[in-house]
Amino acid sequence: MNTAPALVGYTAAVGFVAPRVLLRSSWPHRAPALAAAVWHAVAVSFSIAVALSAASLVMPNDHLHAGLAGLLRTCGLGAGALRPDPDIADRLAVGIPAVLGVALGVSFAFHLVRARRVRTQHRAAVDLVGRHSTRLCATVLPYDVPAVYCLPGRRPRVVISEAAVRRLTPQQLDAVLDHEQAHIAGRHHLVLAAAEAFHAVFRWVPLARHVREQTALLVEMIADDRALRRHSRDVLATAMYEMAAARAPKGALAAGGRTVLIRLKRVLGPRTAPHPALWGSMAVLAVTVPLLPLLLACPFGLG
């Protein structure tokens, strides 16, 4: 039986319907780390579904598993499933998923290297112009514009302007510095690079656009939650307000920016953790959703 209709339908649902469902849900802002994992799991599931859909469209009805033996080994197929004389359809069925995987990998590497190059150049300028503050564990720049941001990577830096040091109270200063340290410790630049890579390959799909936008928002919320472990909501909120108009260079992560209004409402609003049942179900979803296209393909291919 041909798997194409089922796989194409699943791909369309994940790429166009799933983002709307997630965006209308209220729980992601209460569990941003879990929400980021779910968004990325859905992106992985979509990528696998696209590969399998393409393979099923070019393969004869009864040869999907033979052509994808290497990719669908979880279906219980052995190496002997491959036909001794594969034709063009067989090669396309393996080649298309391979090309897609390479495209995603190359895109991820490209965004990672490009951001690293920009950060390296900016880090050199920061080290040349700024002065290291042992008390703040940050590099202080002699700028009259308030700014606080971090340069993640192998040699991370937290950068703060003298104007921000003067404007923020000691408690507010500690809160925004904790926020930036959370970005560095969480390696959020890798998560953002993965979202950018997915968007670059599938930019025509709503899921890709929303994965990039929501990942950028959710990593900021994760850093906010880290700062709230040591500081009150009022302290963090006022610090975010002061830094709302601050800009960060490319490749950097900042406590301010265009997401401040959404995050301010979240920080100052009622804070309720997701119900354990909801949290558990979403965690299971994050783990299992990448496997759904394979599980969908197996019964049809075995028939």
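The values are calculated or read from the model by the stated rules, or taken from the named source; none is laboratory data. The structure presented is a predicted model; accordingly, all values stated were derived computationally and were not measured. As a convention, Cβ positions derive from the backbone with ideal geometry for all residues, glycine included, and neighbour counts pool all protein chains shown.
Could you tell me whether residue 216 is within 26 Å of residue 47 (Cβ to Cβ) and in a helix (DSSP H, G or I)? Answer is yes for this residue.
Could you grab me the full set of residues in segment 260-291 that are of a type in the set (Gly, Ala, Ser) and not in a helix (DSSP H, G or I)? Break it down into steps so the answer makes sense when it comes.
We begin by selecting, within segment 260-291, every residue of a type in the set (Gly, Ala, Ser); these are 269, 273, 277, 280-281, 283, 286.
Scanning segment 260-291 gives 269, 273.
Which strands (runs of 3 or more DSSP E) sit wholly inside segment 98-164 and have at least 2 residues that are surrounded by fewer than 18 Cβ atoms within 10 Å (Cβ to Cβ)?
131-133
Of everything listed in (1) surrounded by fewer than 19 Cβ atoms within 10 Å (Cβ to Cβ); (2) at pLDDT 85 or above, the single unmet condition for residue 243 is (1). Scanning segment 1-50 for residues that are modelled with pLDDT under 90 and either crowded, with 18+ Cβ neighbours inside 10 Å or among the small types (Gly, Ala, Ser) (or both) yields 3, 4, 6, 7, 26.
Is it true that residue 240 is in a helix (DSSP H, G or I), of a type outside the set (Phe, Trp, Tyr) and touching a Pro at 6+ places or on another chain (Cβ under 6 Å)? Spelling it out, it is not the case that residue 240 is in a helix (DSSP H, G or I), of a type outside the set (Phe, Trp, Tyr) and touching a Pro at 6+ places or on another chain (Cβ under 6 Å). Sort through 159, 140, 126 and tell me the only one that's of a type outside the set (S, T, N, Q) and under 27 Å from the mean Cα position of the chain (by Cα). The conditions single out 159. Look at (1) in contact with a strand residue (DSSP E or B) (Cβ under 9 Å, 6 or more places away or on another chain); (2) more than 30 Å from residue 17 (Cβ to Cβ) and you find that residue 219 fails only one, number (2).
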